[in-house]
Amino acid sequence: MKRIGLKTALLAMLACMGPAMAWDGASVRNCTWCHGTSAQGYTVAPRLAGQRPAYLESQMRSFRDHSRDNPFSKQYMWGAVAALDSRDARDLAAYFATIPPRPANDGDRNLMAKGKAIYMEGIPEANIASCYACHGPNAEGVREIPRLGGLAYFYVKARLEQWGQGYHSGMGTPMPVVARSLGPNEIEALASYLSFVR
Ligand code: HEC
Ligand code: HEC
């Protein structure tokens, strides 16, 4: 995704959509343009389909107040949510949450067993928390804790690395502490396993 090309294309698209497509200035198509058809994710833009609505809303807030601050967030999402008010955000979150999510299935199958073991039990001697404790037995999430099952390998891997590099995705969330203890092998295994979870 080239930044300039995308911006131009997006503007051109917005210009020809007209008021009929607009939804308080926030049409779903403004989002699926990047997040893929039926919001299943596309390249660096993650799947939104089936995500917990409270989590989606919390992330739109953190892009808006710039507390989610990794380079992709800055480049793509800070602008995308700038014009949304809290009602638009709630409506969009509720809408995307109802779309059935499809698993990305793009991790390394050989790492599934290892990833699942870490997900379920953590590695107590390495101070690695069990993910299950918060994200649930089937990685389905609850309230502001996101669904992880079926998210794309590269997206989950990048997120886990970014916390370790000091980026944030909101104020006062547990993930920077959780991710700090994960090494590259654990991250690969977890991201692989999660990409296959339905
Ligand atoms: C120009 C491309 C682009 C557009 C347009 C766009 N997004 Fe995004 N979105 C991204 C990228 C890239 C990310 C990943 C950011 C990151 O890695 O931190 C993202 C992340 C998100 C996330 C975080 C998901 C998660 O699992 O943490 C939400 C929520 C989101 N976008 C909602 C929206 C909504 C709602 C719209 C429409 C109003 C929208 N996006 C429009 C590219 C886009
Ligand atoms: C103490 C509760 C807790 C534990 C334990 C926990 N998480 Fe999280 N996780 C959260 C919360 C809350 C969020 C949403 C806030 C944020 O993004 O910082 C989150 C967000 C995430 C995201 C972002 C998903 C997205 O769509 O961008 C990933 C990936 C993730 N966690 C992976 C893991 C993994 C892997 C483990 C186990 C090693 C784990 N989490 C353990 C609470 C937890």
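Worth pointing out:
- When the residues of the range 55-90 are filtered to those that are of a type in the set (G, A, S) and surrounded by fewer than 17 Cβ atoms within 10 Å (Cβ to Cβ), the one that is modelled with the lowest pLDDT is A83.
- Members of the range 51-67 found to be in a helix (DSSP H, G or I) and of a type in the set (G, A, S), listed by number: A54, S58, S62
- Matching entry among Y55, Y42 (being hydroxyl-bearing (S, T, Y) and more than 12 Å from ligand 2 (Cβ to nearest atom)): Y42
- Test: residue in the range 155-162 that is out of contact with any Leu (no Cβ under 8 Å at 6 or more places or on another chain), among the aliphatic types (A, V, I, L, M) and part of a helix (DSSP H, G or I): yes
- Single condition Y155 does not satisfy, out of (1) within 12 Å of ligand 1 (Cβ to nearest atom); (2) surrounded by fewer than 21 Cβ atoms within 10 Å (Cβ to Cβ); (3) of a type in the set (S, T, Y): (2)
- The condition of being surrounded by fewer than 19 Cβ atoms within 10 Å (Cβ to Cβ) and more than 19 Å from V178 (Cβ to Cβ) holds for only one of R143, R109, that being R109.
- Conditions (1) surrounded by 17 or more Cβ atoms within 10 Å (Cβ to Cβ); (2) part of a loop (DSSP other than H, G, I, E, B); (3) over 15 Å from the mean Cα position of the chain (by Cα); number of the one not met by L148: (3)
- Among residues of the range 158-183 that are outside the structural domain of D65 (by TED's automatic domain parsing), those with a Cβ under 8 angstrom from a residue that is among the aromatic types (F, W, Y) and surrounded by 14 or more Cβ atoms within 10 Å (Cβ to Cβ), sequence gap 6+ or separate chain, pair up as A158/F72; S169/W163; M175/W163; P176/W163; V178/W163; A179/W163; R180/W163.
- Pair list, Cβ < 8 Å and 6+ apart or interchain, from the range 119-142 residues that are outside the structural domain of A49 (by TED's automatic domain parsing) to residues that are assigned to a strand (DSSP E or B): G122/I128; C134/I145; H135/I145; G136/V142; G136/I145
The values are calculated or read from the model by the stated rules, or taken from the named source; none is laboratory data. From a predicted model like this one, the values you see are computed outputs, not experimental measurements. With ideal geometry, Cβ positions are generated from the backbone for all residues, glycine too; neighbour counts draw on all protein chains shown.
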